[in-house]
Each structure stands twice: as structure tokens, then as C-alpha cells.
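Each remark here refers to the structure printed beneath this line.
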Amino acid sequence: MSIKHTTALLFLIITNQLFAQMPMGARMQNRNMNIGRFYGKVIDAKTNKPVEFAAVQITQTKKDSVSGENKEALITGMLTGGNGDFNLTELPLMGKFTLKIVLMGYKPYSQAISFNLNQGQGMQQMMNAVDKDLGNIKLEPDAIALGTVNIDGSAPAYELKLDKKVYNFEKNPVATGTTAEDALKNAPSVNVDIDGNLTMRNAAPQVFVDGRPTTLSLDQIPADAIQEVEVITNPSAKYDASGGGSGILNIVLKKNRKIGYNGNVRAGVDSRGRINSGIDLNAREGKFNVFASGNLNQRKSKGAGITERDYLTGSPLTTVTQNSKSLTNGFFGFVRGGIDYFIDNRNTITLSASYNRGQFKPEDNLMTRTDTIYESFINSSLYDRQSLTERNFFNKGGSFSYKRLFPKEGKELTADANYMTSDFKTEGNYHTDYLNTGNEVVSTSDELQTNEGGNDFITSQIDFVNPLKENWKLETGARVAMRLYETLVETICLIKIRVLTKSRLKQLTATLTQTRCMLPMQQ
């Protein structure tokens with residue numbers, strides 16, 4: 001018992017004998033001494049374990065000064081702690097109270113309580129009555145029988161929003177183990193031709209990744225890493241104005257924020273023995289969320305074709321027949337990771353990085369024959385061209401972003417800085433044999449061509465979105481973008497000409513030519 005409580009009780013005992021002779025106002029003032037305390041513990045009736053976050057309230061019936069009717073008024077309240085304890089202090093000593101305890105999943109609890117102070121009590125009895133232990137209060141679980149409920153948490157395959165069309169690729173089985181180029185062939189409003197050229201509304205759109213310009217091409221983005229694709233035909237203020245008349249295609253990559261530890265692993269193999277695999281990992285504890293994903297895809301493709309063309313103008317009239325065979329082997333890998341820091345429920349900071357590596361080696365063989373037609377003499381030529389090309393590309397980037405949400409739905413502020421860089425190198429070896437009508441090699445040509453360069457994108461922007469009405473939305477912001485390009489092209493040609501005679505083979509000339517082309521850096 002504290003000194004404050006002891007002093008108050010001594011005063012109460014001394015004045016107790018005079019209480020009956022006091023005027024009514026003095027009696028009411030004495031009754032309102034707020035030094036009482038109720039405490040106890042809330043436990044589960046079945047498991048006897050402490051119940052946390054239960055709402056404990058003390059109420060008292062009082063007469064309303066306006067209506068004159070008795071109404072129940074809240075005196076004080078609190079939530080139980082992790083051990084189920086509650087402690088309600090500074091309560092009036094006189095009067096009757098009602099203890100109420102409420103928690104979702106349990107039946108409501110109600111009990112009439114009071115301090116039971118009497119004039120005949122001694123000092124120690126009155127001290128014990130002021131601090132009253134209500135003991136362990138058991139809450140009964142409230143079992144509610146529910147009907148069958150089916151919950152489908154998957155996103156719809158297609159959504160039409162105010163400013164864009166959204167196609168969900170997260171659980172599309174057709175997109176597994178392919179690239180963004182293959183996956184977009186099944187997306188409406190988007191056309192991808194046999195060469196991988198992308199068009200929207202008969203024009204080439206600008207490709208974004210996570211709302212920002214990218215150095216990646218469609219065949220460098222694995223479809224397994226795509227969550228959804230946004231088709232934006234009329235870009236708003238938050239996107240780059242250089243989207244052109246066709247619009248913007250925004251590829252949103254997967255990022256998990258589920259609480260706890262989770263992930264998935266996938267693997268597959270195609271009919272040519274090439275594998276595709278991927279892994280997604282996520283860990284969220286407290287204010288931090290760490291995510292990482294990786295994909296590795298091997299590719300092997302074969303092709304064959306024949307082309308016939310007749311030239312019916314000029315002299316002599318000719319026909320050209322081409323037979324081609326191709327074989328391409330390659331792979332590409334994609335790694336992405338990052339961390340989210342949740343400052344509070346409405347403020348988040350995100351740091352992420354990505355790396356992409358790929359290599360493709362196409363081998364082509366082209367046999368071309370040219371013959372005269374409708375002529376009295378025959379003029380025929382034949383050449384066989386073999387080419388071996390190796391294409392390598394490297395992409396890496398990082399971003400730092402901040403996002404603030406507001407209590408109003410859809411209202412948000414975002415700020416971020418992004419850096420992406422790519423380097424590519426292509427080397428081609430071309431060997432051509434020119435043959436006569438007897439399929440003898442007359443001359444040969446060897447050509448080595450290299451092409452290398454790089455791109456750098458630096459983007460920083462801030463955006464503010466505020467929905468005004470159901471069909472009205474305000475978007476504003478500021479943007480700074482810098483793009484750097486560098487390309488180097490080098491070609492080396494070696495031509496050998498040989499003359500075939502009945503007696504011997506003579507090599508007449510050999511010429512070497514070299515050309516260089518350097519495109520300056522642009523900003």
C-alpha cells in the first residue's frame with residue numbers, strides 16, 4: 001500500500017464517525033476519492049493459458065443530467081498484456097461497478113464488482129479492500145459454425161483499369177520456361193512477329209520494367225520473373241513522355257511480401273534436352289522483407305528453308321534458289337534481389353538490384369544457285385556460305401525507392417532513383433566458297449565482323465497520385481533522365497581468288513581490307 005493510499009484511509013477512518021452528520025454535498029465529495037484499484041488476470045477457460053489483447057472495461061450506472069435517466073458510463077479500461085494481466089487504477093471507492101471483458105473469438109464476460117467499504121471495518125481491512133484482486137477470470141471460447149466458404153486469391157487473367165490494361169502472367173502455364181518475347185505472343189493488343197519485333201497499334205511501343213525505362217530486350221527477360229504486363233496506350237504524367245503514339249508496355253516483375261519464410265523452385269526440360277529452372281525466395285520478419293529470385297534458361301533451335309526467286313526483267317533472265325539450315329545454342333540467366341524496410345504502416349523504403357547474362361551461338365549454312373532461263377546459253381553460279389556468330393550481353397542495375405501511402409485509398413507519394421547499364425558484344429565469322437558448274441571452288445572469302453557497345457540509363461523521379469472522384473485522378477511529379485550510348489563496329493575481310501587450269505592451280509591475289517566505325521557517345 002502506498003503512502004498516498006494510507007493517508008487517504010486514515011482520513012477516511014477519522015471522518016467516518018462524523019459521516020452521518022455531514023451535509024449531502026460533503027458526503028458526495030468524500031465518496032469521489034479516486035484511490036481504488038482492481039487487478040487480475042484473464043485466461044482461456046479450456047487451456048488455462050493467458051489471453052492477450054482482451055479489452056477490459058469498468059462501467060458505472062449514473063444519472064444523466066439532461067434526461068434524468070440512469071445510463072451506463074465508462075470509468076476506465078485497458079488491454080491485457082502478454083501474460084493476461086490487467087491493472088485498473090484511480091477508481092472511486094464508493095458505488096457499484098460492472099467489469100466487462102471482450103475479445104474476438106470468446107464469449108463476452110460481465111461481472112458486478114465493488115470495494116465493499118463498511119463503517120465497521122478496521123484499518124487493515126479497509127487497506128485490503130482498496131486494492132482488490134479479482135483473481136483469474138476465465139473466458140469461454142465462442143464457437144461459431146460457418147457455412148462453406150470458397151476463397152479464390154488468384155488475380156484475374158485480365159483487368160481493365162482507368163488508364164491501362166493489365167494481363168496477369170504470374171500463374172500462366174504457357175509462360176513457364178520461356179522469355180517475355182514468347183509470353184507476349186499470347187497477350188491481346190500486343191503483336192510480336194517471328195523476328196521478335198513488338199508492336200502496339202501498328203507502332204513500336206516503349207518497353208518499361210517496373211515503371212522505368214530498361215536496357216533489357218524482350219528475349220532477355222524470363223517469363224517466370226513476370227508478375228503482370230501493363231498495356232498503357234495513353235501514358236500519364238508519371239511515365240516518360242517519349243512513349244510515342246503507340247504507348248508504353250510496362251513489365252512488372254515478381255516481388256513477394258508474405259509474412260514469414262516462403263519460396264518455390266521450378267525446373268523443366270524441352271524436347272531437345274535443354275533445361276529451364278528458377279527459384280524464388282522471400283523472408284519477412286518485423287520491419288524487414290528480403291526477396292530474391294533467379295532463372296536459368298537454355299535454348300536450342302533448328303531451322304531449314306528453301307527460297308526460289310525469278311528475275312524476269314533485265315538481261316539475262318535468271319532464277320535464284322537458296323537452301324538454308326540453321327542451328328542456335330544459347331542460354332540466359334537472370335538474378336534479382338532486394339530488401340524492403342517498413343518504417344511504419346504507410347512508409348516503405350526499398351533497395352533492389354538485378355543482373356542478367358546471356359550468350360547465343362547461331363550457326364547458318366546458305367547454299368545459293370543462280371541460273372539463266374529462256375536463254376540459248378547457260379550461265380550458272382553457285383556459292384556456299386557458312387557463318388558462325390557469337391552474341392554476348394550483360395545487364396545490371398539497381399534502384400532505391402521510397403513510398404508513402406495516405407489514409408485516402410489510392411493516394412500515394414513515390415520517389416526513386418534507378419541506374420541500369422548494359423554491355424553487348426557480337427562476333428561473326430563468315431566463310432564463303434564460290435563454285436563453278438563442276439562444283440569446284442573458284443574463290444573463297446573470309447570475313448570477321450565485331451560489334452560491341454553499351455547503354456547507360458540514369459533515372460530519378462518523384463510522383464504524387466491523388467484520386468479526386470470515382471473517374472477523376474490527379475497525377476503530378478518531376479523527372480530527370482540521362483541516357484548514354486556507345487557502339488564500336490569493326491570489319492575485317494580476306495578474299496582469296498584461285499584460277500583452275502588443266503595443268504596447275506594458281507593463286508593470283510589476296511586482298512585485305514579493314515574498316516572501322518565509331519559512333520560517338522550521345523547524351
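Filtered by the rule that a residue be in contact (Cβ under 8 Å) with a residue 24 or more places away in the chain, in a strand (DSSP E or B) and touching a strand residue (DSSP E or B) at 6+ places or on another chain (Cβ under 6 Å), the stretch 258-287 gives Arg266, Gly268, Asn276, Gly278, Asp280, Asn282. The set of residues in the stretch 269-307 that are loosely packed, with under 10 Cβ neighbours inside 10 Å and under 30 Å from Ser381 (Cβ atoms) comprises Lys302, Ile306. Filtering Ser401, Ser352 for residues that are more than 27 Å from Gln298 (Cβ to Cβ) and small (Gly, Ala, Ser) leaves a single hit, Ser401. Only one of the listed residues (Lys300, Lys325, Lys361, Lys396) is basic (Lys, Arg) and under 30 Å from Ser460 (Cα atoms). That residue is Lys396. Selection of the stretch 220-243 for residues being modelled with pLDDT of 75 or more and in a helix (DSSP H, G or I) yields Ala223, Asp224, Ala225.
Tell me, which residue of the stretch 420-441 that is assigned to a strand (DSSP E or B) and free of Cβ contacts under 8 Å to residues at least 40 places away in the same chain is surrounded by the most Cβ atoms within 10 Å (Cβ to Cβ)? Out of the qualifying residues, it is Phe424.
Has the stretch 189-198 got at least one residue that is in contact with a strand residue (DSSP E or B) (Cβ under 7 Å, 6 or more places away or on another chain), in a loop (DSSP other than H, G, I, E, B), at pLDDT below 75 and among the small types (Gly, Ala, Ser)? Looking for residues that are in contact with a strand residue (DSSP E or B) (Cβ under 7 Å, 6 or more places away or on another chain), in a loop (DSSP other than H, G, I, E, B), at pLDDT below 75 and among the small types (Gly, Ala, Ser), one finds none in the stretch 189-198, hence no. Is it fair to say Asp416 is in contact (Cβ under 8 Å) with a residue 60 or more places away in the chain, under 30 Å from Ala225 (Cβ atoms) and either buried (at least 16 other Cβ atoms within 10 Å of the Cβ) or among the acidic types (Asp, Glu) (or both)? In short, yes.
Yes or no, residue by residue, for (1) buried (at least 16 other Cβ atoms within 10 Å of the Cβ); (2) part of a strand (DSSP E or B):
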| position | (1), (2) |
| --- | --- |
| Thr368 | yes, yes |
| Asp384 | yes, yes |
| Gly410 | no, no |
| Ser443 | yes, yes |
| Asp446 | no, yes |
| Gln461 | yes, yes |
| Thr476 | no, yes |
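The listed residues are Ala20, Ala73, Ala26, and the only one of them that is part of a strand (DSSP E or B), modelled with pLDDT under 90, assigned by TED's automatic domain parsing to the domain that holds Asp131 and not hydroxyl-bearing (Ser, Thr, Tyr) turns out to be Ala73. Please work out if Asp364 is acidic (Asp, Glu), outside any loop (DSSP other than H, G, I, E, B) and surrounded by 15 or more Cβ atoms within 10 Å (Cβ to Cβ). So Asp364 passes the test. Only one of the listed residues (Arg369, Arg357) is modelled with pLDDT of 90 or more and charged (D, E, K, R). That residue is Arg357. Please indicate, with yes or no, whether at least one residue in the stretch 106-114 is in a strand (DSSP E or B), more than 16 Å from Leu139 (Cβ to Cβ) and in contact with a strand residue (DSSP E or B) (Cβ under 9 Å, 6 or more places away or on another chain). Yes, some residue in the stretch 106-114 is in a strand (DSSP E or B), more than 16 Å from Leu139 (Cβ to Cβ) and in contact with a strand residue (DSSP E or B) (Cβ under 9 Å, 6 or more places away or on another chain). State yes or no: is Arg346 in the same structural domain as Thr426 (by TED's automatic domain parsing), buried (at least 16 other Cβ atoms within 10 Å of the Cβ) and charged (D, E, K, R)? No: the conditions fail for Arg346. Within the stretch 455-470, can one find any residue that is modelled with pLDDT under 85 and farther than 29 Å from Tyr355 by Cβ? Taking every residue of the stretch 455-470 in turn, at least one turns out to be modelled with pLDDT under 85 and farther than 29 Å from Tyr355 by Cβ.
The values are calculated or read from the model by the stated rules, or taken from the named source; none is laboratory data. None of these values were measured; they are calculated from a predicted model. Note: ideal-geometry Cβ built from the backbone for every residue, glycine included; neighbour counts use all protein chains shown.
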